[in-house]
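The block underneath contains the structure these notes are about, expressed in structure tokens.
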């Protein structure tokens, strides 16, 4: 029986379940509004490592260990792992989970990687190709700034539209064993380019992709905004949120009552100086793990559309004057009694 629905979505006939998740964050994230929710907060953003890149690898290593521990599983019981990060050749992932010896699918969706990895993991379980898999992603403020913008020592001024890359990693164990949290469907995003060239305004670059994805999801599933308790985007921040709401209203959808953004939830922009909010692969991953999943597990939220967003740029493309296109991936997570 086909599980395809609409033009770019899948509705699972036998939904896979989220067995457990783990979240690890840095000091600044631990000082934010969700600080008490995370599984691990480290006061040393280098996590005892010698470089920022090694620190990000440690984030993934710890998040995977936490998720497996909470699921009561050994690494030999995980058939595949879907993982990625922001660094070139996904080196945070390669060195972070190498010693687990779990077959790896390396993925890259920029800051939408949480949605992409969870989507692929869910498809592999629902398709009968694995009974237990894991989805992992991470980002680190210092390693991202070093790669995409300026060395921290430069001390450049940040515009109000800029977002603060989250130091964090989220890991999710997905399998056939029933829990209170199931993945009932996914919508895979398309690359959307609105001609944005400002690397300090990722919200503007990603909002059109989020709009395209959410509108496509409603069409494919024949649903409306009111059918969801929450529609959660990944890291649009305050600037991107306003653009998204305006674009969707032009398409006839008003999601203002049920929409929130992980980049807004994770920091207090006024007291923490994070400008437009949080961003990075780790932003949506740790916020989903620590904040939204517990609400779904308890039945406080019955149906959530999780939409991580990503800006598809590199230092090469930016320096060559290319636009910053965006992409988004949608995952429907529901409560089951």
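The values are calculated or read from the model by the stated rules, or taken from the named source; none is laboratory data. Note that the structure is a prediction, hence the values are computed from the model and not measured. Methodologically, a virtual Cβ is constructed for each residue, glycine included, from the backbone with ideal geometry; neighbour enumeration extends over all protein chains shown.
Going through (1) touching a strand residue (DSSP E or B) at 6+ places or on another chain (Cβ under 9 Å); (2) modelled with pLDDT under 95; (3) part of a loop (DSSP other than H, G, I, E, B) one by one, residue 205 falls short only on (3).
Residues checked against (1) part of a helix (DSSP H, G or I); (2) within 21 Å of the chain's Cα centre (by Cα):
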residue: 239; (1), (2): yes, yes
residue: 254; (1), (2): no, no
residue: 271; (1), (2): yes, no
residue: 282; (1), (2): yes, yes
residue: 292; (1), (2): yes, yes
residue: 299; (1), (2): no, no
residue: 317; (1), (2): yes, no
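Determine whether residue 302 is closer than 19 Å to residue 329 by Cα and either touching a helix residue (DSSP H, G or I) at 6+ places or on another chain (Cβ under 9 Å) or at pLDDT 95 or above (or both). No, not satisfied. Taken over region 44-66, residues that are in a helix (DSSP H, G or I) and farther than 20 Å from residue 280 by Cα amount to 2. Selection over region 293-314 of residues that are within 19 Å of residue 244 (Cβ to Cβ) and either outside the structural domain of residue 258 (by TED's automatic domain parsing) or crowded, with 23+ Cβ neighbours inside 10 Å (or both) gives a count of 8. All of (1) within 11 Å of the chain's Cα centre (by Cα); (2) at pLDDT 95 or above; (3) within 19 Å of residue 232 (Cα to Cα) hold for residue 84 with one exception: (3). I need a count of the residues in region 220-237 that are in a helix (DSSP H, G or I) and either crowded, with 21+ Cβ neighbours inside 10 Å or out of contact with any strand residue (DSSP E or B) (no Cβ under 9 Å at 6 or more places or on another chain) (or both). Count: 2. For region 58-90, which positions are buried (at least 16 other Cβ atoms within 10 Å of the Cβ) and without any contact (Cβ under 8 Å) to a residue 40 or more places away in the chain? Within region 58-90, 58, 61, 90 qualify. Filtered by the rule that a residue be part of a helix (DSSP H, G or I) and farther than 17 Å from residue 143 by Cβ, region 81-113 gives 98, 99, 100. Going through (1) in contact (Cβ under 8 Å) with a residue 60 or more places away in the chain; (2) over 30 Å from residue 335 (Cβ atoms); (3) surrounded by fewer than 18 Cβ atoms within 10 Å (Cβ to Cβ) one by one, residue 26 falls short only on (3). The residues listed here are 96, 106; of these, the one that is crowded, with 24+ Cβ neighbours inside 10 Å, in contact with a helix residue (DSSP H, G or I) (Cβ under 7 Å, 6 or more places away or on another chain) and either closer than 26 Å to residue 163 by Cα or at pLDDT below 95 (or both) is 96. Of the candidates 234, 278, 282, 299, the single residue that is in contact (Cβ under 8 Å) with a residue 40 or more places away in the chain and on the phi > 0 side of the Ramachandran plot is 299.
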